[in-house]
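K.L.:
Can you keep this structure in mind? I'll have questions shortly.
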Amino acid sequence: MANFVRVAEVGDVPPGTGKCVEVGGKQIALFNVAGAFHAIDNTCLHRGGPLAEGELDGTVVTCPWHGWQYDVTTGGNLDDETTGVERYEVKLEGGAVLVGV
């Protein structure tokens, strides 16, 4: 069972944006897709780019370094469906965003 850790307030991550948070020494990219929060590893599989700094278009984030794309709801790589980054459970409690690790 996942251990949920408070990482942000809902207002810290406006809709259509991402933010890098740290949980247990791991950098996690937290995204707000029209009020629904999703969390994936922050490190792009290609060259280690910071996914939280990428452009979010719907549920797809584009790595700012070399353009690799990931679905933030699954962690799946859009160019190679056999790879992807780890996805984490997210839940809201009041105004807090919690990520399960």
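The values are calculated or read from the model by the stated rules, or taken from the named source; none is laboratory data. What you are looking at is a predicted structure, and each value in this text was computed from that prediction instead of being measured. Backbone-built Cβ (ideal geometry, glycine too); neighbour counts: all protein chains shown.
Every residue, every condition in (1) surrounded by fewer than 19 Cβ atoms within 10 Å (Cβ to Cβ); (2) acidic (D, E); (3) at pLDDT 95 or above; (4) out of contact with any Cys (no Cβ under 7 Å at 6 or more places or on another chain), yes or no:
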{"site": "A34", "(1), (2), (3), (4)": "yes, no, yes, yes"}
{"site": "H38", "(1), (2), (3), (4)": "no, no, yes, yes"}
{"site": "C44", "(1), (2), (3), (4)": "no, no, yes, no"}
{"site": "L56", "(1), (2), (3), (4)": "no, no, yes, yes"}
{"site": "D79", "(1), (2), (3), (4)": "yes, yes, no, yes"}
{"site": "T82", "(1), (2), (3), (4)": "yes, no, no, yes"}
{"site": "E93", "(1), (2), (3), (4)": "yes, yes, yes, yes"}
{"site": "A96", "(1), (2), (3), (4)": "yes, no, yes, yes"}
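K.L.:
Considering only the stretch 11-45, how many residues are over 19 Å from G95 (Cα atoms), part of a strand (DSSP E or B) and without any contact (Cβ under 8 Å) to a residue 40 or more places away in the chain?
P.N.:
Counting residues in the stretch 11-45 that are over 19 Å from G95 (Cα atoms), part of a strand (DSSP E or B) and without any contact (Cβ under 8 Å) to a residue 40 or more places away in the chain gives 1.
K.L.:
While we're on this one: What number of residues in the stretch 58-70 are crowded, with 19+ Cβ neighbours inside 10 Å and either modelled with pLDDT under 95 or closer than 19 Å to V21 by Cα (or both)?
P.N.:
3
K.L.:
Looking at the stretch 46-91, which of its residues are hydrophobic (A, V, I, L, M, F, W, C) and assigned to a loop (DSSP other than H, G, I, E, B)?
P.N.:
C63, W65, W68, V72, L78, V85
K.L.:
Looking at E89, E53, can you tell me which residue is in contact (Cβ under 8 Å) with a residue 12 or more places away in the chain, in contact with a Gly (Cβ under 6 Å, 6 or more places away or on another chain) and not aromatic (F, W, Y)?
P.N.:
Only one candidate qualifies: E89.
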